[in-house]
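Below: one structure, written as structure tokens.
The values are calculated or read from the model by the stated rules, or taken from the named source; none is laboratory data. Remember, it's a predicted structure, so these values are computed and weren't measured experimentally. Positions of Cβ are generated from backbone atoms using ideal geometry, with glycine treated the same way; all protein chains shown enter the neighbour counts. Just the protein is used for accessible areas: all its heavy atoms, side chains included, with ligands, DNA and RNA removed. Shrake-Rupley method; radii C 1.70, N 1.55, O 1.52, S 1.80 Å.
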Amino acid sequence: MTGCDTAAAANARLHHLVAAGARVLPLAFDLATRTGLDSDAPAAWGLVGHRGVPVDSVDDMRILLGGLPLDRAFAALAADTCAAPLLVLHQLVAEEHGAPVHRLSGSVGNDVLKDLLLHGPGPFPPRAALRLAGDVAAYCLAELPRWRFLSVAGHHLARAGADPAREIAFTVAAGTEYLRAARAAGLDPRAVAARVTLSLAPAVTRRATRAKLRALRRLWARAARDVLALPPGPAPLLRVAAPPPGGGPGPGRRVHGEDGPQRAAALEAEADAVLEEVAALGGMLAVVEAGRGPGLFGTRGAARSGAHPRLARPWSSSRSVRADQTERLAKLRAWRVQPAVDDCLRRLHGAARGDGNVLHPMREALAARATVGEVCAALREAWTG
């Protein structure tokens, strides 16, 4: 949906896909939404409508999903650090459509470590961002039984210059960090592992892709057994994806010359060496907090130095899209019950300061027509104030 910069245009495109037999609804959000900004925020200038659809509130999500068979389609939400409010908004609108919660299926990226490594500081501190990812996992385990709540996007590192071994190492290291965080939060890491997807970029040949997947499976099996304290035996359940060639190797990428098992063994050994470096530094969270990721994984440096992205040139249609969204936000704030919104945001702030799951008060706030930006601002104030 990156070719659509409004919810109405994206909805029309989704209806066209459904009519053509598509079962997956790809939902891509613009840069402002993905970094927790409302479209009328000063920091959102030039970002509104860029590479996705602006969704500021439940009203925008209603337009985006209007008339779609949400109980029969698989929704793929392209969101990581700010996945939580978008997931909740999708659920709210689906329930308004009469779709039973147990029939809702979909996936959300929720890979905050990838965001921090590739893009630098985000809207929340790293440990708070990891906690929010864990809250998404706990919420889905309790409320959305058919939802995949974590996709470790190793293929994004390939786009940013990482070689195959380092791409595999990041995918395993990040996945392991999420399992440790789940265990520390009191979740069953086995249940979390069953809903994790590990994604790698396809290699230049099918044989090389199979070698990458073989190396990933072996390293993940060993790492997951360590975290889950499993005895030797079959590998834990693993869902592996190789996205389309758009995420594949870039120019100048080194490709191993060995064939079959030898190629996989060489990749495994190189990736294992990187994993040992990550372990020596204290794990993936410590790596991103120290800013060591780009050097360790061979990726280009972080694209931003502040909490929100900046484009060298504003998105061409951002001015008009932003004006429309600003008008919609003004109407929403004029018609909603502001005391109820304020009360919901206070409860969200309190939950964030404590150790409860923030998605439950977040759901109340979004249902009361709080905006994505207001919800993220309440979390940011609680975690940085």
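Observations, loosely collected:
- Failed item, numbered, when residue 16 is tested on (1) at pLDDT 95 or above; (2) touching a Leu at 6+ places or on another chain (Cβ under 9 Å); (3) not hydrophobic (A, V, I, L, M, F, W, C): (2)
- Search result, residues across the range 162-211 that are on the phi > 0 side of the Ramachandran plot and under 16 Å from the mean Cα position of the chain (by Cα): none
- Verdict on residue 81 being open to solvent by 10 Å² or more (accessible area, probe 1.4 Å) and within 18 Å of the chain's Cα centre (by Cα): yes
For every residue, the table says whether it meets (1) closer than 19 Å to residue 330 by Cβ; (2) over 21 Å from the mean Cα position of the chain (by Cα).
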| residue | (1), (2) |
| --- | --- |
| 344 | no, yes |
| 368 | yes, yes |
| 371 | yes, no |
| 380 | no, no |
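- Output for the range 163-213, where each listed residue is acidic (Asp, Glu) and in a helix (DSSP H, G or I): 167, 177
- Candidates are the residues of the range 338-385 that are farther than 18 Å from residue 126 by Cα and among the polar types (S, T, N, Q); the one that is most open to solvent (accessible area, probe 1.4 Å) is 338.
- Selection status of residue 307, open to solvent by 30 Å² or more (accessible area, probe 1.4 Å), under 30 Å from residue 48 (Cβ atoms) and modelled with pLDDT under 55: no
- Exclusive hit being among the small types (Gly, Ala, Ser), within 20 Å of residue 122 (Cα to Cα), assigned to a helix (DSSP H, G or I) and modelled with pLDDT under 95, set 301, 295, 291: 295
- Residue 312 vs. criteria at pLDDT below 90, open to solvent by 40 Å² or more (accessible area, probe 1.4 Å) and small (Gly, Ala, Ser): yes
- Contact map, the range 41-53: first residue open to solvent by 10 Å² or more (accessible area, probe 1.4 Å), second residue part of a helix (DSSP H, G or I) and modelled with pLDDT under 90, Cβ cut-off under 7 Å, separation 6 or more or different chains; pairs are 50/318.
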